[in-house]
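A.B. asks: Got a structure for you, written out below as structure tokens; questions coming shortly.
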Amino acid sequence: MRTITLIIIHCSATPEGKSLSAEACRQDHIRHRGFRDIGYHFYITRDGEIHPGRPLEKVGAHCRNHNAHSIGICYEGGLDADGRTKDTRTLEQRGSLLALLRELKKYFPKALIVGHRDLNPLKECPCYSCVEEYKEL
């Protein structure tokens, strides 16, 4: 297994009122980004369903210079209806994400939970402070 030092949270930059299924995200990554598969290890749709992406033992493609030692999790959403950044996580997504993070921390207790924006200041993703929200995990 890879050494995991970071769990990086992302949003799909999907506006409220629009949908981006896990399969649509996967196809976008393959067709438009040239990836072999979805770049994330997990994708959480608005209904709270956790969709598996790349296997954990495979390097993701979600955060430049940090993929080799991280796990990438993306939630569907992150923009308001006008395309401005906003924490649009549903209650179901919040619960599923928290449960997933707790489970991952059992296997990778020293991994830091951060948002994409914490590693790339040019990004606003995931549109909320992961470091603050998950500091107790």
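Only the coordinates and a few stated rules stand behind these numbers; no lab work does. Nothing here was measured: the structure is a model prediction, and the numbers come from that model. Using ideal geometry, Cβ is built from the backbone for each residue, glycine included, and neighbour counts are taken over all protein chains shown.
A.B. asks: I want to check the label-to-label distance for Asp47 and Ala68. Put each point 7 Å from Cα in the C-beta direction and report it in nm to one decimal.
C.D. replies: 4.0 nm
A.B. asks: Here's another thing I want to ask about it. Order of 86-92, 129-135 by packing, highest average Cβ count within 10 Å first? Provide the component values of the computation, followed by the final result.
C.D. replies: Details: 86-92: 16.6, 129-135: 14.6.
Order by mean packing, descending: 86-92, 129-135.
A.B. asks: Sorted by packing (mean other beta-carbon atoms within 10 Å per residue), highest first, where do 37-50, 18-31, 58-71 land? Walk me through the intermediate numbers first.
C.D. replies: Values: 37-50: 20.9, 18-31: 15.2, 58-71: 17.5.
Packing order, densest peptide first, comes out as 37-50, 58-71, 18-31.
A.B. asks: Once the cut-off is 21 Å, how many percent of the Cα-Cα pairs in the chain end up in the long-distance tail?
C.D. replies: Details: 3280 of 9316 pairs.
Percentage above 21 Å: 35.
A.B. asks: Just to confirm my numbers, what's the Cα centroid distance between segment 113-129 and segment 12-67 in Å?
C.D. replies: 16 Å
A.B. asks: Could you list, in their original order, any pairs among Lys58/Lys106; Lys18/Lys106; Lys18/Lys105; Lys58/Lys86; Lys58/Lys135; Lys105/Lys135 whose Cα atoms are separated by more than 23 Å? Spell out each step's value before the answer.
C.D. replies: On the way: Lys58/Lys106 19 Å; Lys18/Lys106 34 Å; Lys18/Lys105 32 Å; Lys58/Lys86 30 Å; Lys58/Lys135 26 Å; Lys105/Lys135 12 Å.
Too far apart for the 23 Å limit: Lys18/Lys106; Lys18/Lys105; Lys58/Lys86; Lys58/Lys135.
A.B. asks: Oh, and also: At a Förster radius of 25 Å, what calculated FRET efficiency corresponds to the Cβ-Cβ distance of Leu122 and Ser21, to the nearest 0.05?
C.D. replies: 0.35
A.B. asks: Looking at segment 6-132, send over the antiparallel percent of its DSSP beta bridges, to the nearest 5.
C.D. replies: Details: 4 of 19 bridges.
Expressed as a percentage, antiparallel bridges in segment 6-132 total about 20.
A.B. asks: So how far apart, in nm, are the two label points at Glu136 and Arg31 if each is 7 Å from Cα heading toward Cβ?
C.D. replies: With each label placed 7 Å out from Cα toward Cβ, I get 4.3 nm.
A.B. asks: A further question follows. So for each of 76-84, 6-14 I average, over its residues, the number of other beta carbons within 10 Å; can you give me the resulting order with the highest mean first?
C.D. replies: Details: 76-84: 16.6, 6-14: 23.7.
Top of the packing list down: 6-14, 76-84.
A.B. asks: Using Cα-only point scatterers and the Debye equation, what is log10 of I(q)/I(0) for segment 1-52 at each q in 0.27, 0.32 Å⁻¹, rounded to two decimals?
C.D. replies: Calculated log10 I(q)/I(0) at the listed q: -1.18, -1.33.
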